[in-house]
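Heads up: the structure comes next, in structure tokens.
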Amino acid sequence: QVQLVESGGGVVQPGGSLRLSCAASGSIFKINAMGWYRQGPGKQRELVATIRDSGSTNYGDSVKGRFTVSGDNAKNTVYLQMNSLKPEDTAVYSCYASLWSTGSRWTTAYWGPGTQVTVSS
């Protein structure tokens, strides 16, 4: 079994910053990619940012230039630094990991329970 544990959500004023963390643990052989998706009120889930084991990154258009994703391979942890936050960034942010479990031939996608980020004055 693999677990993803997120931390760092909360309430912040517009223009402020938050840092999210997500640690993967359990029967992990190798992580292929980790990242973040979000779902705002009345909206569909959308890509925020992902990072592959190679270090390459991918961002959703709405966060480019404001958010930065990074990873610590030794800790199986991914971070999301969010700057210049806007009210429209309000959403539940869910951590995502694509990985090989110990003994598995295939990658499997895992999701964290989500952490609420609210941007409001």
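The values are calculated or read from the model by the stated rules, or taken from the named source; none is laboratory data. Since the structure is predicted, the reported quantities are computational estimates derived from the model, not experimental observations. We place every Cβ from the backbone using ideal geometry, glycine too, and count neighbours over all the protein chains shown. With ligands, DNA and RNA removed, areas are computed over all heavy atoms of the protein, side chains included. Shrake-Rupley method; radii C 1.70, N 1.55, O 1.52, S 1.80 Å.
Overview of values
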read-out: Filtered residue count, the range 38-48, keeping only those that are surrounded by 14 or more Cβ atoms within 10 Å (Cβ to Cβ) and either part of a loop (DSSP other than H, G, I, E, B) or acidic (Asp, Glu) (or both); value: 2
read-out: Lone qualifier among 47, 80, 99 - being in contact (Cβ under 8 Å) with a residue 40 or more places away in the chain and under 13 Å from the mean Cα position of the chain (by Cα); value: 80
read-out: Condition check for residue 54: outside any strand (DSSP E or B), hydroxyl-bearing (Ser, Thr, Tyr) and over 22 Å from residue 107 (Cβ atoms); value: no
read-out: Any hit, the range 55-65, residues being of a type in the set (A, V, I, L, M, F, W, C), closer than 21 Å to residue 11 by Cα, at pLDDT 95 or above and within 11 Å of the chain's Cα centre (by Cα); value: no
read-out: Failed item in (1) more than 24 Å from residue 105 (Cβ to Cβ); (2) open to solvent by less than 30 Å² (accessible area, probe 1.4 Å), with residue 61 passing the rest; value: (2)
read-out: Residue match in the range 79-89 (condition: in contact with a Gly (Cβ under 7 Å, 6 or more places away or on another chain), outside any strand (DSSP E or B) and among the aliphatic types (A, V, I, L, M)); value: yes
read-out: Residue 71 loosely packed, with under 15 Cβ neighbours inside 10 Å, more than 21 Å from residue 11 (Cα to Cα), in contact with a strand residue (DSSP E or B) (Cβ under 8 Å, 6 or more places away or on another chain) and of a type outside the set (Lys, Arg); value: no
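A quick yes/no check of all residues on (1) open to solvent by 50 Å² or more (accessible area, probe 1.4 Å); (2) part of a strand (DSSP E or B); (3) touching a helix residue (DSSP H, G or I) at 6+ places or on another chain (Cβ under 9 Å); (4) hydroxyl-bearing (Ser, Thr, Tyr):
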{"position": "5", "(1), (2), (3), (4)": "yes, yes, no, no"}
{"position": "23", "(1), (2), (3), (4)": "no, yes, yes, no"}
{"position": "36", "(1), (2), (3), (4)": "no, yes, no, no"}
{"position": "50", "(1), (2), (3), (4)": "no, yes, no, yes"}
{"position": "65", "(1), (2), (3), (4)": "yes, no, no, no"}
{"position": "97", "(1), (2), (3), (4)": "no, yes, no, no"}
{"position": "103", "(1), (2), (3), (4)": "yes, no, no, no"}
